[in-house]
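The values are calculated or read from the model by the stated rules, or taken from the named source; none is laboratory data. None of these values were measured; they are calculated from a predicted model. Neighbour counts are summed over all protein chains in view; Cβ atoms, including those assigned to glycine, are modelled from backbone coordinates with ideal geometry. Each accessible area value is taken on the protein alone, full model and side chains, heavy atoms only, with ligands, DNA and RNA left out. Shrake-Rupley method; radii C 1.70, N 1.55, O 1.52, S 1.80 Å.
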Amino acid sequence: MDTIVAPALTRFIENVYIYNMKIWDALEQSFGEDLHALKQAPMMLAFANIHVGPNNSREHVVDSQVLVYSNLLDGRPWGLDIFRCLNAKCGAPSYNIIFHHSGKQYYGNHWLKSKVRYTCLQCHITEKAIPTPTWIFLARSHNFGRVWYRWPLTAEQLRDIGVMQ
């Protein structure tokens, strides 16, 4: 994994320290353009931004976001490998689910509008036309399949993807 992630990590450090990019923008560009690195593992970044308000007041805002690769064939819709069957009696993990596109498939900057359908291999239920959760955002990348969301997920967000606690 080191030889796959190292080039993207090097570009990330270069973008931050040499090109003076904002830290999240640098991560999106460095890892978002490197499919091999992003397929290895999601990239989570916790960082602080300083927001300058009225009267030159400064406020530190800490954020934690995850950049992921969405791949239906690998059982990671919207990059979520923690997705579970939405049947309350089943709750099978994503590796026991077969995902496909449902309905019209969008491309380019609108691919996130595409809906998903799945068939659970455990309870044999099929769910159709599942929209992208509203808390998942399109990454600024020229490549298809890169999304980001804030981390950690809230209890409501976990319920959206079938994780019951």
Dipole of the chain, positive end: most advanced residue of THR134, VAL66, ASN87 [Cβ charges, Cα centre]
ASN87
About the Cα centre, charge dipole magnitude for the chain (Lys/Arg +1, Asp/Glu -1 at Cβ), debye:
600
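If you count only protein heavy atoms with a 1.4 Å probe, what accessible area per residue comes out for the chain, rounded to a whole Å²? Walk me through the intermediate numbers first.
Details: 10070 Å² over 165 residues.
Heavy-atom accessible area per residue stands at 61 Å².
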Among LEU45, ASN55, GLN165, pick out the residue whose Cα is farthest towards the positive end of the charge dipole of the chain, where Lys and Arg carry +1 and Asp and Glu carry -1 on C-beta, about the Cα centre.
GLN165
Could you state the number of Å between the C-alpha centres of region 106-165 and region 17-65?
22
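What does the charge dipole of region 87-165 about its Cα centre add up to, to the nearest 20 debye, if the Cβ of each Lys and Arg holds +1 and the Cβ of each Asp and Glu holds -1?
Details: 10 positive and 3 negative charges, 46 e Å.
Once rounded to the nearest 20, the dipole reads 220 debye.
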Sequence neighbours fewer than 8 away in the same chain don't count; with that in mind, list the lysines whose C-alpha is under 16 Å from LYS115.
LYS104, LYS128
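In region 86-149, which chymotrypsin sites (Phe, Trp or Tyr not before Pro) fall in coil by DSSP and have 14 or fewer other Cβ atoms within 10 Å?
Within region 86-149, the qualifying chymotrypsin sites (Phe, Trp or Tyr not before Pro) (loop, at most 14 other Cβ atoms within 10 Å) are TYR106, TYR107, TRP135, PHE144.
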Simple label model, 7 Å out from Cα along Cβ direction - HIS110 to ILE18, nm
3.9
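Sum up the charges of everything whose Cβ sits under 15 Å from the Cβ of GLY75, counting Lys and Arg as +1 and Asp and Glu as -1, but leave GLY75 out. Kindly include the intermediate steps, with their values, before the conclusion.
Numbers: positive: LYS39, ARG76, ARG84, ARG117; negative: ASP74, ASP81, GLU127.
Surrounding charge for GLY75 is +1.
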What number does the chain give for Rg over Rh if you use C-alpha atoms and the Kirkwood radius?
1.03
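State the percentage of accessible surface on the chain attributable to carbon and sulfur atoms; use a 1.4 Å probe and exclude ligands, DNA and RNA. Write down the numbers at each step before the final one.
Values: 5420 of 10070 Å².
C and S atoms contribute 54 percent here.
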Are there any trypsin sites (Lys or Arg not before Pro) in region 19-109 that are in a DSSP loop and have at most 13 other Cβ atoms within 10 Å? List them by number.
LYS22, LYS89, LYS104
